[in-house]
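Taken together, the values in this text are just the output of simple stated rules run on the coordinates, not laboratory data. Predicted, not measured: the structure shown is a model, and the values here were computed from it. Methodologically, a virtual Cβ is constructed for each residue, glycine included, from the backbone with ideal geometry; neighbour enumeration extends over all protein chains shown.
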There are 2 protein chains.
Amino acid sequence: MTSSAKPVRVGVVGLGTVGSGVVRLLVESADHITRQAGRPILVERAVCRDPARDRGLRLPADRVSTDIGTVSRDSSISVAALLVGGLEPARSMMVELLENGKDVVTANKALLAEHGPELFELARRKGRSIAFEAAVAGGIPIVAAIGECLAANRIESIRGILNGTSNFILSKMEEDGAGYAEVLQLAQAKGYAEADPAMDVDGTDATQKLAILAHLAFGVWVPWGEIPRTGIEGVDSDLMSHAAELGYRIRLVAVASRSDGKLAMRVAPTLVKIGTPLAETRGAFNAVSIVGDAVGRMFFHGLGAGQMPTASAVVADIIDTVVGRAAITFRTTGVLDADSPAARISGIDMTEKHFLRVCVNDRPGVLSRITGILGEHGISIASVIQHDPSGAAGGVVPLVIMTHACGTTAIQKAVAHIDASDVVSGRSVCLSVLDD
Amino acid sequence: MTSSAKPVRVGVVGLGTVGSGVVRLLVESADHITRQAGRPILVERAVCRDPARDRGLRLPADRVSTDIGTVSRDSSISVAALLVGGLEPARSMMVELLENGKDVVTANKALLAEHGPELFELARRKGRSIAFEAAVAGGIPIVAAIGECLAANRIESIRGILNGTSNFILSKMEEDGAGYAEVLQLAQAKGYAEADPAMDVDGTDATQKLAILAHLAFGVWVPWGEIPRTGIEGVDSDLMSHAAELGYRIRLVAVASRSDGKLAMRVAPTLVKIGTPLAETRGAFNAVSIVGDAVGRMFFHGLGAGQMPTASAVVADIIDTVVGRAAITFRTTGVLDADSPAARISGIDMTEKHFLRVCVNDRPGVLSRITGILGEHGISIASVIQHDPSGAAGGVVPLVIMTHACGTTAIQKAVAHIDASDVVSGRSVCLSVLDD
């Protein structure tokens, strides 16, 4: 516990938003971090595409290069923070760093969701560790919570708001009664949403994070592309009003839950009851609710993205690596083995309440027809709201139905049946409902 | 990662609610825990006051004794879970276990708050570790969050609902409009409150937990008895109605916050704004909100007490000890050094909004007198509600005042001044107000 202990030298690969934040934190909080790690942690070298650009960082020019080799081949560097997004060249960089004996800390969830098993296997073979707290839910220590703190529990379910951009858009639409396109523009102007926000709003980002959490929690590897996924593009302000009328808000919720030994997963816009923690998660915040068999329900809330919250998680992982905790966690957390069973999740039902909006032609007998179809599929109805047809465009009115709990397959079949009938106009919307 | 690795043998000292839960979890989830720890964890021996009592545990009778020596002198045992409450014999037992080379896991917050520095010092001298996640907020992994996950942050503030019993009482009073005594009886009947709930309702328990968290977060040791502390006994349902009228609930909140390099701490009933996470924490749940300079505000919510949530934290600590993480954390977390500076917190102001209830004699000029006194002390008023005097007992009416932010010392002086004046009847109530 003396700061005169031998310093650890770190290479920072990628000086975008997160990489710059990591350098700032390591430099500006150096004294504090030295106390936490028991020795100084120095940024020895950085790698980025444009070394000449002024990022306001206290890094000597001769320490910044475009060449990953300056980090991987520098034997004084023991830990590398890989803070480059996307799959390539991030994957090749990770391989090169591991092959050259570096422990790696990363925030790249796409890389882990796509190539996790092979990269973990390589690290294991090389006797190195990969730490990735920052890859999921930014500053929220959810990876440590599942992998270490809840280790005594069998996890029963995970529900998370894992994408800050889409949560910002949904909660802003709700607060301002504004449309999706309008709020998306605002989010881009404010820097919450990327110029190309496709991976955020179509649920890809949340799905990749869910795949990583499910791996930790359930010990299975689910290729993220197999997880049913619906984005928020189809959420309109009418839908929000209908949900609010019933006491709910709409959030993009990632769910993994186990019942009867089977794992069900999905990412989709979901009705969450007003007053519950997920419904009260606004703006760019993330939230995760976990149920463990011993601990019961735990809830975590915090900034899921942004420069310093993510840097906070990266630097915590660097400290963990320096003191030796990361190596132990990586070695003992058997769920990251390459031979983790791949889970089959397709066709696995969750039994939940559902919210349906059907746009019907306003004429007699329609309600009985719709409810009849639901009944044929064994779905019972909790409530129906038929809105006043006055002023409805072309005699089309929305019918809002809340079902009792039913299986995913049954409700999907029923909705397809309804949409194929001659009483509806346009496609129905069907969302899962969470009451707790 | 094979379950054929050499088992670790554990001694469980204390078979009360938590101790029995720990044995149950280690036995019933043995396969899962073996995977997490990389080797089996066996309950080798248990110690309790009454070995003959049937607790429904799968422990052979010859493994249960009243003698701590059966654990401390058994060289096959490397880890002991000390799950006895109170100061003695818990302190002597901890010393004996450490002296005999056992790593210790404990849930005893009173012991750590009272004797932490000397016990940590002894463990360090003996090359052993003490892990104590279960001592604060039960299943919520707040010790790991502060000590490890937020290690890159300088913590700015901690606010917590750390005592489940008093939170159950306050939220039940609020929901049912019931009186304190009535709800306390109910809590005792339901097993939420002890037969002697003094340490819960007078704030002692929360204060001891706050002292431990502040130690981790701020690196200073504050003797818990020096922390200003007010219990919930004075909270009545009228006070709750007045708070609700202004948009607040009342919670027993433990606060430690740093400003200008000074640490301020207290435990007291506090107005928390409806809709904020602390206000939405109900029943026996605990919650902690932490602000770090990098991560921003984090919020954790979960069951803060009870058999299995607490056992979950104890067993996670046992796993951490077995795999070697606990030893690293104990060694590197410098804040637990016996030579941590003792903080002086008395007289350190927090600047906050305050809620005042003054019972005044209903006659002209009273309001101007009260507001005049506040003005003399430099306190400005945000709002005043004077309730309808009709039906007021003996012409005494409650005056409810919300101040703008002001220092603790100023408001305390002003209230003393008001209470010494001839326009009030009985003592005023003054509570801090948290808006976020």
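Between the label point of B:LYS190 and that of the same position in each other copy, find the distances and list them shortest first in nm, with every label point placed 7 Å from Cα along the Cα-to-C-beta direction.
Going from nearest to farthest copy, the values are 3.9 nm.
What is chain A's relative contact order, in percent, from Cα pairs under 8 angstrom and six or more apart in sequence?
So the answer I get is 16 percent.
Hey, with R₀ at 45 Å, roughly what FRET efficiency would A:ARG58 and B:ARG125 work out to, going by the Cβ-Cβ distance, to 0.05?
0.65
To the nearest whole number, what is the average tally of beta carbon atoms from other chains within 10 Å of the beta carbons of peptide B:284-296?
Taking all residues of B:284-296 together, the mean is 5.
Rounded, prolate or oblate, given the Cα gyration tensor of segment B:86-195, with a/c below 1.5 counting as rounded?
Here segment B:86-195 falls in the oblate category.
Using amide H atoms built in the peptide plane, which far-off residues or other-chain residues are under 5 Å from B:TRP221 H to H?
Distant-sequence amide H within range of B:TRP221: B:ALA342, B:ALA343.
Using +1 at the C-beta of Lys and Arg and -1 at the C-beta of Asp and Glu, which of B:ALA254, B:PHE300, B:HIS242 has the Cα lying farthest in the positive direction of the dipole of segment B:222-304?
B:PHE300
What percent does the relative contact order of segment B:153-304 come to when contacts are Cα pairs within less than 8 Å and at least six residues apart?
Contact order relative to length: 36 percent.
If you put +1 on each Lys and Arg Cβ and -1 on each Asp and Glu Cβ, how big is the dipole of segment B:351-434 around its Cα centre, in Debye rounded to 20?
The dipole magnitude comes to about 80 debye.
What's the extension gain from B:GLU118 to B:ASP74 if we count 0.36 nm per residue and subtract their Cα-Cα distance?
13.4 nm
Relative to 2.2 N^0.38 Å, what does the C-alpha radius of gyration of segment B:23-174 come to as a ratio? Two decimals please.
Normalised Cα radius of gyration, segment B:23-174: 1.18.
With only Lys, Arg, Asp and Glu charged, each at its Cβ (+1 for the first two, -1 for the last two), find how big the charge dipole of segment B:153-304 is about the Cα centre; round to the nearest 20 debye.
660 debye
Report the one residue of B:THR230, B:MET350, B:MET93 whose Cα lies farthest in the direction of the positive end of the charge dipole of the protein assembly as shown (charges on C-beta: Lys and Arg +1, Asp and Glu -1; origin at the Cα centre).
Farthest towards the positive end: B:MET93.
Describe numerically, in nm with one decimal, the distance between label points set 7 Å from Cα along Cα→Cβ at B:ALA198 and at B:ASP349.
With each label point 7 Å from Cα toward Cβ, the separation is 3.5 nm.
Taking the alpha carbon gyration tensor of segment B:156-243, what are the square roots of 5 times its eigenvalues, largest first, to the nearest whole Å?
Output for segment B:156-243: semi-axes of 27, 15, 11 Å.
Put the label 7 Å from Cα along Cα→Cβ for B:ARG331; what are its distances to the other copies, in nanometres, shortest first?
1.2
Step through the residues of segment A:125-141 one at a time and calculate ³J(HN,Hα) from phi using the Karplus curve (6.51 cos²θ - 1.76 cosθ + 1.60, θ = phi - 60°), rounding each to whole Hz and writing x for Gly and Pro.
Computed from phi, the couplings for segment A:125-141 are 5, 8, x, 10, 10, 10, 10, 8, 3, 6, 6, 10, 6, x, x, 6, x Hz.
Compute the label-point distances linking A:ILE381 to its equivalents in the other copies; points lie 7 Å from Cα along Cα→Cβ; give nm, one decimal, shortest first.
5.6
Which whole number gives the average count of other chain Cβ atoms within 10 Å of the Cβ atoms across peptide A:269-276?
That average works out to 0.
So, with +1 on the Cβ of K and R and -1 on the Cβ of D and E, and no other charges, what is the size of the charge dipole of the protein assembly as shown about its Cα centre, to the nearest 20 debye?
Approximately 1940 debye in magnitude.
Would you mind listing how long segment B:153-304 runs along its three principal axes, going by Cα atoms, in whole Å with the largest first?
Reported extents, whole Å, longest axis first: 43, 32, 24.
With the radius of gyration and the Kirkwood radius both derived from the Cα set of the protein assembly as shown, what is their ratio Rg to Rh?
0.98
For B:LYS209, give me every one of the aspartates and glutamates with a C-alpha distance below 16 angstrom, ignoring sequence neighbours fewer than eight places off in its own chain.
Of all the aspartates and glutamates, those that pass the test against B:LYS209 - Cα under 16 Å, at least 8 places apart if same chain - are B:GLU114, B:GLU133, B:ASP200, B:GLU226.
Please list the non-local residues whose amide H lies under 5 Å from the amide H of B:SER78, H modeled 1.01 Å from N, same-chain partners needing a gap of 5 or more.
Distant-sequence amide H within range of B:SER78: B:ARG9.
Answer rounded, prolate or oblate for segment A:273-328, using the Cα gyration tensor with square roots of eigenvalues a ≥ b ≥ c: rounded when a/c is under 1.5, else prolate when a/b is larger than b/c, else oblate.
Numbers: a/c = 5.82, a/b = 1.47, b/c = 3.95.
Oblate, since a/c reaches 1.5 and b/c is not below a/b.
Could you state the per residue volume, in Å³, of the convex hull enclosing the Cα atoms of segment B:72-140? Numbers along the way, then the final one.
Details: hull volume 5.5 nm³, N = 69.
For segment B:72-140, the hull spanned by Cα atoms encloses 79 Å³ per residue.
Where the eigenvalues come from the Cα gyration tensor of chain A, what are the semi-axes √(5λ) of the equivalent ellipsoid, largest first, in whole Å? Provide the component values of the computation, followed by the final result.
Details: eigenvalues 413, 106, 60 Å².
Semi-axes, largest first: 45, 23, 17 Å.
Within straight cross-link reach of B:LYS353, meaning Cα distance under 24 Å, which lysines are found once same-chain residues fewer than 8 apart are removed?
B:LYS262, B:LYS273, B:LYS413
I need the per residue convex hull volume for segment B:351-434, using only the alpha carbons, in cubic angstrom as a whole number.
That works out to 82 Å³ per residue.
Take the alpha carbon gyration tensor of segment A:246-307, find the square roots of its eigenvalues, order them as a ≥ b ≥ c, and report rounded if a/c is under 1.5; if not, report prolate when a/b exceeds b/c, else oblate.
prolate
So if R0 is 22 Å, what FRET efficiency would A:SER241 and A:ARG427 give, r being the distance between their Cβ atoms, rounded to the nearest 0.05?
0.70
Per residue of B:304-311, how many C-beta atoms from partner chains lie within 10 Å of its own C-beta, taken as a mean?
Numbers: counts 0, 0, 3, 1, 7, 7, 2, 3.
Partner Cβ neighbours, averaged per residue: 3.
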